[in-house]
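A short worksheet on the structure shown next.
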Amino acid sequence: MPTPESVVDLAGLHVVVTRPRGQEQTLCELIEAAGGVSLHYPVLEIEDSPQQAQLATQFQQLAGFDLIIFISPNAVARGMNIINAQGGLPEGLQTATVGRGSGRELKRILGRESDIVPTKQFNSEGLLALPAMQPMAGKRVMIVRGEGGRELLAQTLRERGAEVEYAEVYRRSRPEVDNSTLMHAWARNEIDIIVLTSGEGLRNLYDMVGQLGRQWLRKTPILVINERLVQLARELGIDQTPIIAAEASDNGIVAALGAWHRGKLLE
């Protein structure tokens, strides 16, 4: 079982983890290793893009690009699966990842670090601030991501003179989930906090729990990973001010849970 990077005490804390199926295990194990209780309630389903043939053709053209950017661990895993089937990344093509999770996934597959990666702000803004991302005139960039998402990265790179193309290698959908376990936990006061890492996931949760669940959700603390989710929570009428983790990694989330839990114990 993995252990937190630093000592974290979550004794008695009941945490709802909303990561997609198959991507929750490490975070749940870290919570439980720190003494907490985890409940998995997936609010997103991750599926391969139906455009596999088109993506294969697209990735066959990678030799004509200067930089490939992977937006998420899912983008790395699913994108590299198709890329490797086409013979792998061309020699000399630079790689960039937005977050630590993406960087770790790329290193697992390639056996080496990303060429370009933020060192402190693990989002599009952090990547765009790096010196390597400034002189973009005449460069061809492929952004590997899921369907939809923010346009800031591509828009800014185009403004800097780059030619940008998307490769959307997966799509997100709302899963079919049995609500009974979550509802029973709420009714027994066995939910202390909910971890949410995307706006789409927060919207799905709001819709999935129904009218009764929304009454509980509005009064339940949530932990998020950026200010955009804080604003969305306000728009949905969630009363509690969200806690913001410094980064979206599993250890970063557990550290934020630990800090919040300590503060609650001292109240």
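The values are calculated or read from the model by the stated rules, or taken from the named source; none is laboratory data. Treat the numbers as computed from the prediction; the structure is a model and nothing was measured. Every residue, glycine as well, gets a Cβ built from its backbone with ideal geometry; the counts of neighbours run over all protein chains shown.
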TODO: Scan region 140-178 for residues that are of a type in the set (Ser, Thr, Tyr) and farther than 19 Å from residue 89 by Cβ and jot them down.
DONE: 156, 173
Task: Candidates 213, 237, filtered to the one that is of a type in the set (Gly, Ala, Ser), more than 28 Å from residue 9 (Cα to Cα), assigned to a helix (DSSP H, G or I) and more than 18 Å from the chain's Cα centre (by Cα) - done: 213
TODO: List every residue pair whose Cβ atoms sit under 6 Å apart, with the two residues 6 or more apart in sequence or on different chains, where the first one lies in region 202-229 and is in contact (Cβ under 8 Å) with a residue 40 or more places away in the chain and buried (at least 19 other Cβ atoms within 10 Å of the Cβ) and the second, anywhere, is not in a helix (DSSP H, G or I) and not aromatic (Phe, Trp, Tyr).
DONE: 202/196; 204/43; 204/174; 205/43
TODO: State which residue is surrounded by the fewest Cβ atoms within 10 Å (Cβ to Cβ) when the search covers only region 29-66 and only residues that are closer than 23 Å to residue 89 by Cα and of a type in the set (Phe, Trp, Tyr).
DONE: 65
Open item on the list: Quick check on residue 173: is it in contact with a Lys or Arg (Cβ under 7 Å, 6 or more places away or on another chain) and under 27 Å from residue 49 (Cβ atoms)?
Closed with: no
TODO: For region 15-101, please list each of the strands (runs of 3 or more DSSP E) lying entirely inside it that holds at least 3 residues being assigned by TED's automatic domain parsing to the domain that holds residue 180 and either at pLDDT 95 or above or out of contact with any strand residue (DSSP E or B) (no Cβ under 7 Å at 6 or more places or on another chain) (or both).
DONE: 37-40
Task: Yes/no for residue 183 being more than 21 Å from residue 17 (Cα to Cα) and not charged (D, E, K, R) - done: no
Open item on the list: Checking the conditions here, which among 168, 147 is among the acidic types (Asp, Glu), modelled with pLDDT of 95 or more, in contact with a Ser or Thr (Cβ under 9 Å, 6 or more places away or on another chain) and under 25 Å from residue 203 (Cα atoms)?
Closed with: 168
- [ ] Determine whether residue 159 is surrounded by fewer than 17 Cβ atoms within 10 Å (Cβ to Cβ), farther than 28 Å from residue 244 by Cα and touching a residue at least 60 places away in the same chain (Cβ under 8 Å).
- [x] no
